[in-house]
1. Criterion first (within 30 Å of residue 290 (Cα to Cα), surrounded by 18 or more Cβ atoms within 10 Å (Cβ to Cβ) and at pLDDT 80 or above) does residue 83 satisfy it?
2. Looking at the stretch 233-250, which of its residues are of a type in the set (Val, Ile, Thr) and either touching a strand residue (DSSP E or B) at 6+ places or on another chain (Cβ under 7 Å) or assigned to a helix (DSSP H, G or I) (or both)?
3. Where residues in the stretch 575-612 are of a type in the set (A, V, I, L, M, F, W, C) and in contact with a Leu (Cβ under 6 Å, 6 or more places away or on another chain), which of them is farthest from residue 625 (Cα to Cα)?
4. Would you point out the residue of the stretch 711-733, among those that are surrounded by 13 or more Cβ atoms within 10 Å (Cβ to Cβ) and not in a loop (DSSP other than H, G, I, E, B), that is modelled with the lowest pLDDT?
5. Could you go through the stretch 486-503 and let me know if any residue there is of a type in the set (Lys, Arg), outside any helix (DSSP H, G or I) and either crowded, with 23+ Cβ neighbours inside 10 Å or more than 38 Å from the chain's Cα centre (by Cα) (or both).
6. For the stretch 515-537, state whether one or more residues are of a type in the set (Lys, Arg) and farther than 30 Å from residue 430 by Cβ.
7. Please work out which residue is farthest from residue 261 (Cα to Cα), limiting yourself to the stretch 85-111 and to residues that are part of a loop (DSSP other than H, G, I, E, B) and touching a Leu at 6+ places or on another chain (Cβ under 9 Å).
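The values are calculated or read from the model by the stated rules, or taken from the named source; none is laboratory data. Keep in mind the model is a prediction, meaning the values are calculated, not measured. Here the Cβ is made from the backbone with ideal geometry for all residues, glycine too, and neighbour counts use every protein chain on show.
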Amino acid sequence: MRDDCMGDTALLNKNNSDIAAVSGKRFWRRLLRGFATAIGVCISVALLSGLTYLAWLLPSVPELDIVEKVRHARPSIILAADGSVLGEFRQKQQEQIALKQVAPHVLRALIATEDQRFFEHSGVDLRRTALAVAHTLSGRDQGGSTITQQLARNLFPEEIGRTRSVHRKAREMLTALKIERAYDKQEILEIYLNTVPFLYNAYGIEMGARTYFGKPAAQLSVAESATLVGMLKGTQYYNPVKNPERALKRRNVVLGQLLRQGLLTQPEFDAVIGQPLGAALHRIPAVGGTAPHFTAHVRKWLAEWAEREGHDLQSDGMVIHTTLEPEMQAVAERAVEHQALALQRIADVEWGSSRLRASLHADFYARMHDEITPFSHLWKSRPELVESFIRESGDYRKYAAGGAGPVGALAQMKADRKFMRQLLERKSRLEAGFLAMDPASGEIKAWVGSRDFNIDQFDHVAQAVRQPGSTFKPFVYAAALEQGISPRHSYRAGPVEITMADGRKWRPTDMDVANRPMSLREGLVYSKNTITAQVMQDVGIDPVVDLAQAMGVRQSRLDPVISIALGTSPVTLLEMVSSYATIARAGEYRPPVSVKRIVDRYGGLVAEFGTQVGERVLSEEVSTELIDMLRGAVDQGTGKVVKRQFGIDADIAGKTGTTQNNTDGWFILMHPELVAGAWIGFNDQRVTMRSSYWGQGGHNAILVVGDFFRNTLREKRIDLAAQFPRPLRPTLLARRAPQERDGASSDTYEVSAASPDAEGPDGLPRAGPPPGQGIIVRRQGGRTLVGDARGMQAMENEVATPAVAHEASDPLTPNRNEISAGPESGAAAAGSGN
């Protein structure tokens with residue numbers, strides 16, 4: 001019984017253990033099944049989340065159209081008229097080359113160091129990425145980006161992001177996958193090597209090779225290739241110029257990689273591992289360099305045009321054909337350099353001692369130059385001016401704000417010899433601007449914006465706005481001619497007093513007083529302020545301002561005051577030369593043309609310029625008469641130096657200009673095929689030429705233009721025999737009868753038909769038939785009456801008596817043997833008559 005009980009008990013225990021075992025197995029199976037289900041759910045959720053994340057991220061992945069743009073990017077270039085390069089539109093030094101133009105060592109070193117499985121993956125190397133994550137988690141840094149991922153980062157830095165984050169890495173990977181689907185491996189390598197940065201604004205392997213080794217990428221040695229590839233891990237850190245020791249160690253690491261992967265043999269490795277780095281900075285010279293101010297002007301104009309038309313000058317590879325003639329530009333630059341240097345010596349010597357050392361010959365000043373300290377007298381006699389210069393400097397403001405205070409800062413600056421020397425040298429540097437254009441087309445042929453672009457980038461052709469002095473007077477006389485006032489009309493040449501709109505009195509004066517009546521023509525020929533003021537009073541301010549703007553002064557704002565007649569309203573040299581070109585073009589305005597046409601990289605025409613029809617702003621008769629009056633200015637008037645000193649035996653016409661205290665000197669000369677103008681002065685208008693003689697445009701700016709024209713004619717760049725049209729005598733502009741100036745209601749003109757070439761013994765045009773023997777044209781009450789004197793008398797019972805012409809027989813120019821001090825003597829008013 002006991003045995004039976006024990007057996008039952010054992011059997012029960014066995015059954016219980018079997019049940020327990022079965023239950024345990026079921027538990028673990030359920031547990032494993034639940035765990036597997038949980039893992040599956042987690043993976044599904046992760047995959048779903050990942051897919052959702054990628055779907056959310058995809059729209060922010062950059063489009064690859066920029067890759068094509070970068071791949072085919074070419075900078076637009078600016079060409080002179082002869083096809084030489086003036087400049088390029090490059091923000092960075094970069095040159096696209098084909099993969100076959102890269103030394104094979106570069107490709108081997110790149111793949112061995114940056115991406116050994118480049119030809120095996122599809123843009124993202126999962127194995128390398130996993131290793132990179134593991135290394136990062138263990139505290140070691142190892143890059144996991146493939147070459148394609150680096151390319152994505154280089155091409156799209158803003159879109160992908162610069163900070164380390166999951167988002168950035170995901171965008172980088174997606175972009176790399178996108179690139180791999182669009183391009184094959186060779187293309188990816190080529191794009192990468194053409195865009196990778198190498199510091200010093202050098203991009204791409206070609207510019208990297210030239211920047212550090214002074215050679216093209218095709219000629220790189222194994223060691224040089226390893227140096228450049230080694231920089232890719234950190235261009236600043238491994239900069240071979242600033243950090244040669246680091247760069248050398250990194251180069252040797254790259255060489256070791258080549259050895260380990262069988263891309264270098266042991267003997268080859270041993271031969272290069274001991275070589276010095278051999279890197280040095282080779283600055284890439286800028287393309288162009290001729291006419292830098294002109295090129296800068298064209299760049300600005302093109303930037304506005306490209307933005308308006310939707311072009312990218314940095315990458316579209318367009319070719320811009322300009323109007324600049326390099327050989328004529330060289331003539332202009334030599335003229336500015338030679339004449340401005342001579343004038344600088346004159347200013348240095350004149351201001352170099354308390355006693356004014358004066359001469360009419362520039363050679364005198366060249367000999368004296370070594371005996372004086374330039375401008376020493378001006379600085380000693382005008383200490384308040386020097387202090388003003390100091391207070392206007394950035395250094396003074398910095399010290400004054402930094403605690404030194406105004407008095408302390410001023411003393412500190414005065415004690416700084418280097419600062420003072422540089423400041424006063426800058427203030428006393430004489431500057432110049434020069435421009436030449438073809439009047440027929442408006443095309444700019446030569447443009448010199450300063451004496452030296454490296455010293456002064458400020459453009460004295462298009463940027464400097466200065467008072468034009470007497471070069472403005474032709475606008476006044478043109479308006480008078482347009483209104484029918486005869487060139488022979490007589491004015492009083494004595495003192496003049498004019499009451500202005502605000503009640504103040506304006507009393508213009510001349511350096512030489514002619515105590516006799518003078519004609520309108522003489523007033524311009526001899527640049528008489530008193531005559532010009534009276535003409536302005538007759539014509540009115542608004543007609544003169546309107547005409548000046550129509551003829552070419554279209555950027556600067558002209559002050560509508562009566563003194564504008566003498567050139568008190570600032571303008572640019574570009575505007576003035578353009579206006580004189582309108583006169584030379586028989587009264588037809590065309591805007592200045594600097595760009596003739598733009599073509600694409602394949603030669604197809606993109607745009608053409610300078611073909612528009614001109615705008616008639618002056619009648620041909622008026623422009624012909626005005627040219628003849630300005631012809632007299634260079635034959636007998638204030639501009640006669642240009643013929644006498646430079647021997648220019650051509651049909652030319654022009655005008656000088658000088659402003660108050662000899663601040664600005666101007667001269668503009670017209671020839672049927674070329675109009676040229678120059679300005680001379682100092683950037684700071686408080687500094688001027690000391691003597692009135694050398695301060696006049698007829699003795700400073702005229703030298704630059706005369707030098708240029710003489711050599712241009714010698715080189716036969718313009719036709720010596722070209723002629724302007726000559727007016728009839730008296731012209732169809734006629735002569736206004738005196739009773740009209742006295743307030744008569746009728747306009748009476750007498751038209752004569754003398755030979756256009758008839759000249760009197762004094763060289764001035766002959767007057768034609770005596771008064772009363774020409775044809776009379778009278779406008780009265782809306783009617784036009786035409787006839788000779790007797791016929792008109794019969795019709796109107798009155799005879800029109802033309803004005804008596806007073807042509808000068810002797811030039812009314814200053815005595816060349818007298819030189820007076822400029823600012824010290826208060827010599828000339830604005831538009832001083834010269």
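1. Numbers: within 30 Å of residue 290 (Cα to Cα): yes; surrounded by 18 or more Cβ atoms within 10 Å (Cβ to Cβ): no; at pLDDT 80 or above: yes.
When the stated conditions are applied, residue 83 does not pass them.
2. Here is the first cut: in the stretch 233-250, the ones of a type in the set (Val, Ile, Thr) are 235, 241.
Across the stretch 233-250, the qualifying residue is only 235.
3. Filtering the stretch 575-612 down to residues of a type in the set (A, V, I, L, M, F, W, C) leaves 576-577, 581, 583-584, 586, 593, 595, 598-599, 605-607, 609.
Subset that is in contact with a Leu (Cβ under 6 Å, 6 or more places away or on another chain): 577, 583, 599.
On the way: 577: 19, 583: 10, 599: 42 Å.
Only one residue tops the list, namely 599.
4. Residue satisfying both the conditions and the ranking: 729.
5. From the stretch 486-503, those of a type in the set (Lys, Arg) are 488, 492; that's our starting set.
Adding the requirement that they be outside any helix (DSSP H, G or I) leaves 488, 492.
Of the ones still in play, those that are also either crowded, with 23+ Cβ neighbours inside 10 Å or more than 38 Å from the chain's Cα centre (by Cα) (or both) are 488, 492.
The answer is yes; a qualifying residue exists.
6. First pass over the stretch 515-537, keeping only residues of a type in the set (Lys, Arg): 516, 521, 528.
Next, from what is left, pick out any that are farther than 30 Å from residue 430 by Cβ: 516, 521.
Within the stretch 515-537, one or more residues are of a type in the set (Lys, Arg) and farther than 30 Å from residue 430 by Cβ.
7. My answer is 89.
A quick yes/no check of all residues on (1) assigned to a strand (DSSP E or B); (2) under 28 Å from the mean Cα position of the chain (by Cα); (3) within 18 Å of residue 523 (Cβ to Cβ); (4) at pLDDT 95 or above:
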residue: 598; (1), (2), (3), (4): yes, yes, no, yes
residue: 606; (1), (2), (3), (4): yes, yes, no, yes
residue: 618; (1), (2), (3), (4): no, no, no, yes
residue: 625; (1), (2), (3), (4): no, no, yes, yes
residue: 628; (1), (2), (3), (4): no, no, yes, yes
residue: 633; (1), (2), (3), (4): no, no, yes, yes
residue: 657; (1), (2), (3), (4): yes, yes, yes, yes
residue: 670; (1), (2), (3), (4): yes, yes, no, yes
residue: 697; (1), (2), (3), (4): no, yes, yes, yes
